[in-house]
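The numbers here are math on the coordinates, done by the rules we state, and not lab data. Fair warning: this is a prediction, and the values are worked out from it, not measured in the lab. Virtual Cβ from ideal backbone geometry, glycine too; neighbours counted across all protein chains shown.
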Amino acid sequence: MRIAIIGPTYPYKGGGAQHTTELAHRLAALGHDVVIESWRAQYPSFLYPGQQTISVPEGEPYPRTARRLDWRRPGGWVAAGRRLRSADLVVLAVLSPVQVPPYLGILYGLGRRARTVALCHNVLPHERKPYDQPLMRALLKRVDAVLAHSEEQAGLARGLARTPVRVAGLPPHLPVTGAGERAAEVHRRLLFFGMVRPYKGLDLLLRALPEGVSLTVAGEFWGGLEETEALVAELGLGDRVELRPGYVPAEEVPRLFAAADALVLPYRSATASQNVWLAHEHGVPVIATRVGALADHVTDGVDGLLVEPGDAGALRAAIERFYASGEPERLRSGVKAVDPEPFWSAYAGALLAGA
């Protein structure tokens, strides 16, 4: 089958780019003729305040990649659709509603020449704007199928359009980090890792941090550091909280996880996250809230702890429980690295069903 995937890939960074790249490799390994149509310029900087690209790949780049799409050139969107008319399947990787205008241009150029799937990392953003629903409705009405990463997200998609929706859990697409030996000692240090946004609950974690426990916050701050710095000062945590703002290159990830006893994911809401698997790949237990798919990948009391979302008191109690005598070592011993093969097999099957 001739398949075109439209989405970010290297030099773009992060989970969306890693997923697009790994998906292309996986489908090609199944014998399909796969190309990636990617971006020369994906977003205006004011819509994405963080670093957009990196200079070193986080995995093996996919060789059959064209980088011609540009948010500033609508004529190029239609031209891309016309180029892809010989494809059997066109997959639109949807990470944000701001991608919808280019995708509508691509669909216009494509006509009805190929089946189309909207692969929705998020059907709607966690922090929504008034234009998000109209844009996503316009896109989902014009594709042949939707692939969502959870039943909750599938419900959102069905509420926007009558287009058939399939569900497949987001498979592992971890950056190549060269994980070293697993730490044996207890550091009394926790890690918050990745993009810092309100829905991810860093403020709850700061309020929950028990005495004698330190925290490293490593990642880009959506909208700036000032609010977090003010909260750290207000809570008197300046000597126990290390802020490391900015994107974390893959080669620095093992050192961060080696210095932590657990990764904490205090999310208020979530769809899917690679961070549980990333922590387990480095031998680190996870303390996470029961939201989205997070709870699907943490076995409470075996390789981490689960807690209800939005409750700093409950989170503090979970951290104190984690640091009970012998618990960090016991939970670390329960951590197993993920086997990606069954996840990808199911995912590819769901994506290609009916294509």
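What the table below lists for this structure:
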{"item": "Neighbourhood net charge (12 Å Cβ-Cβ; Lys/Arg +1, Asp/Glu -1) for residue 148", "result": "0"}
{"item": "Extended-chain gain in nm, criterion 0.36 nm per residue less alpha-carbon gap, residue 199 and residue 314", "result": "39.7 nm"}
{"item": "Separation of alpha-carbon centers, the stretch 1-74 and the stretch 291-351, rounded to whole Å", "result": "30 Å"}
{"item": "Ranked packing of 326-336, 150-160, 114-124, most packed first, by mean Cβ within 10 Å", "result": "114-124, 150-160, 326-336"}
{"item": "Cα-projected label distance for residue 1 with residue 72, points at 7 Å along beta-carbon direction, nm", "result": "3.7 nm"}
{"item": "Relative contact order computed over the stretch 189-333 (Cα-Cα under 8 Å; 6+ residues apart), in percent", "result": "25 percent"}
{"item": "Filtered trypsin sites (Lys or Arg not before Pro), the stretch 1-34: DSSP coil and at most 14 other beta carbons within 10 Å", "result": "none"}
{"item": "Net charge of neighbours whose Cβ lies under 13 Å from the Cβ of residue 22, counting Lys and Arg as +1 and Asp and Glu as -1", "result": "-2"}
{"item": "Cα-based shape type of the stretch 1-109, given that a ≥ b ≥ c are square roots of the gyration tensor eigenvalues and the cut on a/c is 1.5", "result": "oblate"}
{"item": "Most fluctuating residue given options 54, 36, 287, as computed from a GNM of the chain linking Cα atoms under 10 Å", "result": "54"}
{"item": "Two-site label geometry, residue 53 and residue 185: point separation in nm, points 7 Å out along Cα→Cβ", "result": "4.2 nm"}
{"item": "Residues listed by number, the stretch 271-291, amide nitrogen under 17 Å from residue 235 label point at 7 Å toward C-beta", "result": "287-289"}
{"item": "Whether the chain is rounded, prolate or oblate, judged on the alpha carbon gyration tensor where a/c under 1.5 counts as rounded", "result": "prolate"}
{"item": "Full-extension gain in nm, residue 45 to residue 227, via 0.36 nm per residue minus C-alpha separation", "result": "63.4 nm"}
{"item": "Per DSSP, loop GluC sites (Glu not before Pro) in the stretch 180-233 with at most 16 further Cβ within 10 Å", "result": "181, 185, 211"}
{"item": "Within the stretch 235-316, GluC sites (Glu not before Pro) in DSSP loop having at most 13 other beta-carbon neighbours inside 10 Å", "result": "none"}
{"item": "28 Å Cα-Cα reach of residue 336 towards lysines, excluding residues that sit fewer than 8 places from it in its own chain", "result": "13, 200"}
{"item": "Tensor-based shape of the stretch 189-333 (alpha-carbon gyration tensor, a/c under 1.5 rounded, otherwise prolate or oblate)", "result": "rounded"}
